[in-house]
Amino acid sequence: MPYFHLVFTPPESLRALSMGNPRPMQAMLFRCVAATLKDFAADPRWLGREIAATLMLHTWTQRLDYHPHIHVLIAGGALGAGGQWIDARKGFLFPVHALSKVFRGKYVEALEQAMASGTLRFSGSTAPLRETTARSRFLGTLRRTDWVVYAKPSARGPQQVLDYLARYTHKAALSNERILGADGAQVHFAWRDRAHGNKRRTLRLPVQEFLGRFVRHVLPRGFTRIRHAGILAARHKSAKLATARRALEAPPPESSPTAETVEQYCLRVLGIDIHQCKACRCGRLRPAGSIAPERRTRDPPDGVR
């Protein structure tokens, strides 16, 4: 069965508003992407049935710029009402230009409602949006802007995309491996320049700028980065997945899969051997003992004794 990798990206003009309202804006992004996919899947011209999709939020670029977008891993088919599996056309799922227009329409409509209801805060560069006239102009510009939706079949199946997305499920923006050095004034880290052949480059930032860029990608407390749509949604997942497996003649999952160790996970997903010496890249690190945390007493605040 084919799988597809889709990416939904709102325009740059929304980024300041999203930075000031991360929880409602990112939740809105999830809802509109899921609703767009469900509408296209329900259309008889494409599938006419219920999809199986996993959605994951990313907010950063290689340079730590704020760039919210949703990655989607979606099966190339759908579960029919009678329990049969319906395959998508070979190498094709949905028309991306139509996807982008519907996605834009849903998002702008949801944004207009959020603005009218007082859900969003306007400050800094978005302060003019407190005025009704400025909001109308802003929404009108968004409706005339081309929104980007990327779609590509996954040539090596879902595992390729899952391995790529898994690198970002439990970290924010930057791995330790990419930090090349720091002093009291600057931090410098490696990044890949995809616009010029994916060349490895180094970016140096003042400490405050680096910290500012990094903390933009820390999600609001309790916010879910990964969500599911269609037959993978939590409400009816067990029954619908069982039906899909029967239709595809796929074996059920192991009842008690063997859990990976931290070492195995890092090697498989990140390609990092955590026991390899970082200095010589040959020797093996072995635990020599444990160090108990040091208990420190905190001095009372100034003026309090």
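Summary table
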read-out	value
Label selected from [x] 42; [y] 32; [z] 21, the criterion being percent of Cα pairs over 32 Å apart as computed here	[x]
Helix-only mean residue ellipticity at 222 nm for the chain, each DSSP H run of n ≥ 4 adding -39500 (n - 2.57), per residue, nearest 500	-10000 deg cm²/dmol
Within a Gaussian network of the chain (alpha carbon springs, distance under 10 Å), most fluctuating of 145, 258, 132	258
Which of 207, 57, 37, positive extreme of dipole for the chain (C-beta unit charges)	207
Other-chain or far-sequence residues with amide H under 5 Å of residue 80's (modelled H)	85, 86
Using θ = phi - 60° and Karplus 6.51 cos²θ - 1.76 cosθ + 1.60, couplings along the range 202-214 (whole Hz; Gly, Pro as x)	10, 10, 10, 10, x, 4, 5, 5, 4, 5, x, 5, 5
Across 106/237; 199/278; 90/199; 152/278, pairs whose alpha-carbon gap is larger than 29 Å	90/199; 152/278
Percent RCO, i.e. relative contact order, over the range 107-217, from Cα pairs under 8 Å lying at least 6 residues apart	14
Under the Karplus curve 6.51 cos²θ - 1.76 cosθ + 1.60, θ = phi - 60°, whole-Hz ³J(HN,Hα) for the range 98-106, x wherever Gly or Pro sits	5, 4, 5, 5, 5, 4, 4, x, 5
Assigned charges on the beta-carbon of Lys, Arg, Asp, Glu; the range 48-138 dipole about Cα centre (debye)	200
Length-normalised contact order for the range 34-143 - Cα pairs under 8 Å, 6+ apart - percent	19
Computed lengthening from residue 132 to residue 228, 0.36 nm per intervening residue step minus Cα-Cα distance	31.0 nm
About the Cα centre, charge dipole magnitude for the chain (Lys/Arg +1, Asp/Glu -1 at Cβ), debye	200
Calculated from backbone phi, Karplus (6.51, -1.76, 1.60) coupling profile of the range 69-86 in Hz, x at Gly/Pro	7, 10, 8, 10, 9, 10, 5, x, x, 8, 8, x, 4, x, x, 8, 9, 10
Part-to-part distance (alpha-carbon centres) for the range 59-137 and the range 202-219, which is given in Å	26
Packing rank of 185-198, 60-73, where each peptide gets the mean count of other beta carbons within 10 Å, highest leading	60-73, 185-198
By average C-beta atoms within 10 angstrom, highest first, the peptides 7-15, 233-241, 31-39	31-39, 7-15, 233-241
Amide H contacts of residue 148 (H built 1.01 Å from N, under 5 Å, at least 5 apart or other chain)	9
Positive-pole candidate from 234, 195, 185, dipole of the range 150-253, charges at beta carbon	234
For residue 21, distant residues with modelled amide H under 5 Å away	none
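Here, each number is a calculation from the coordinates, and none is a lab measurement. Computed from a predicted structure; not experimentally measured. For neighbour counting, all protein chains shown are included, and Cβ atoms are generated from backbone atoms with ideal geometry for every residue, glycine included.
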